[in-house]
Amino acid sequence: MHLAEVADLARRDAADGVQQQIVAAVIDAGGQVLLVRRRAADSRGGEWEFPGGKVDPGEDLNTALHREVVEETNLRIAEITGYLGAFDYTTRSGTYNRQHTWSVTVATTENVRLTEHDAYAWVSTVDEIPLGSDLRKILEKHLEADRP
């Protein structure tokens with residue numbers, strides 16, 4: 001996805017009244033995808049998700065994606081390999097969010113260090129770990145695209 005297309009996503013989000021943009025990465029390492037589990041005390045504690053988080057004010061989606069992956073996993077994105085789509089949700093406090101998700105590769109999978117989650121797992125199918133329906137659809141889309 002080119003920078004102009006990423007900027008277009010941001011413009012559409014603003015036009016749609018999105019209050020908080022979220023970015024997430026489907027980190028693929030040889031057909032296995034990294035999932036992280038939210039700490040029990042967090043909002044939606046115990047749920048599995050893709051590494052990612054909030055886009056800061058004035059930050060573009062691409063920069064936020066790179067920053068969030070490093071902050072949450074200590075891994076560095078080597079390449080963004082595709083855009084997997086977006087879904088909307090409203091938080092308990094009423095904030096209208098839109099999560100944009102990309103497939104990425106990383107320079108190395110060694111030294112995963114979690115800062116905001118309590119566990120991680122590498123999965124190769126959608127059934128290995130329970131996921132919410134929106135995340136499951138994104139993972140299915142990614143895994144189907146990877147099949148020969």
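The values are calculated or read from the model by the stated rules, or taken from the named source; none is laboratory data. No experiment lies behind these values; they were computed from the predicted model shown. Side chains are part of the model used for accessible areas, which takes the heavy atoms of the whole protein and leaves out ligands, DNA and RNA. Shrake-Rupley method; radii C 1.70, N 1.55, O 1.52, S 1.80 Å.
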Considering amide H positions built from the backbone, and no H for Pro or chain starts, which residues 5 or more places from LEU75, or on another chain, come under 5 Å of its amide H?
ARG113
Between the range 1-16 and the range 49-119, what is the separation of their alpha carbon centroids in Å?
17
Which of these, GLU59, GLU71, GLU47, has the largest mean-square fluctuation under a Gaussian network model of the chain (Cα springs below 10 Å)?
GLU59
Could you check which residue among ASN62, ASN74, ASN111 shows the biggest mean-square fluctuation in a GNM of the chain with a 10 Å Cα cutoff?
ASN111
Over the chain, with a Gaussian network built from C-alpha contacts below 10 Å, which listed residue (GLY85, GLY94, GLY53) shows the highest mean-square fluctuation?
GLY94
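Assign one of three labels to the range 1-51, namely rounded, prolate or oblate, based on the Cα gyration tensor with a ≥ b ≥ c the square roots of its eigenvalues; rounded applies when a/c is under 1.5, prolate when it is not and a/b is larger than b/c, and oblate otherwise.
Judged from the Cα gyration tensor, the range 1-51 comes out oblate (a/c at least 1.5, b/c at or above a/b).
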Over the range 30-148, what is the relative contact order in whole percent, taking alpha-carbon pairs under 8 Å and six or more residues apart?
31
Surface accessible to a 1.4 Å probe, per residue, for the residues of the chain, Å²
54
Carbon-plus-sulfur fraction of the accessible area of the chain, 1.4 Å probe, in percent?
47
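Using a ≥ b ≥ c from the Cα gyration tensor of the range 1-123 (square roots of the eigenvalues), is it rounded, prolate or oblate, where a/c under 1.5 gives rounded and otherwise the larger of a/b and b/c decides, a/b for prolate?
oblate
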Once GLU71 and THR115 are pulled to full extension, the length gained, defined as 0.36 nm per residue separation minus their Cα-Cα distance, is 15.1 nm
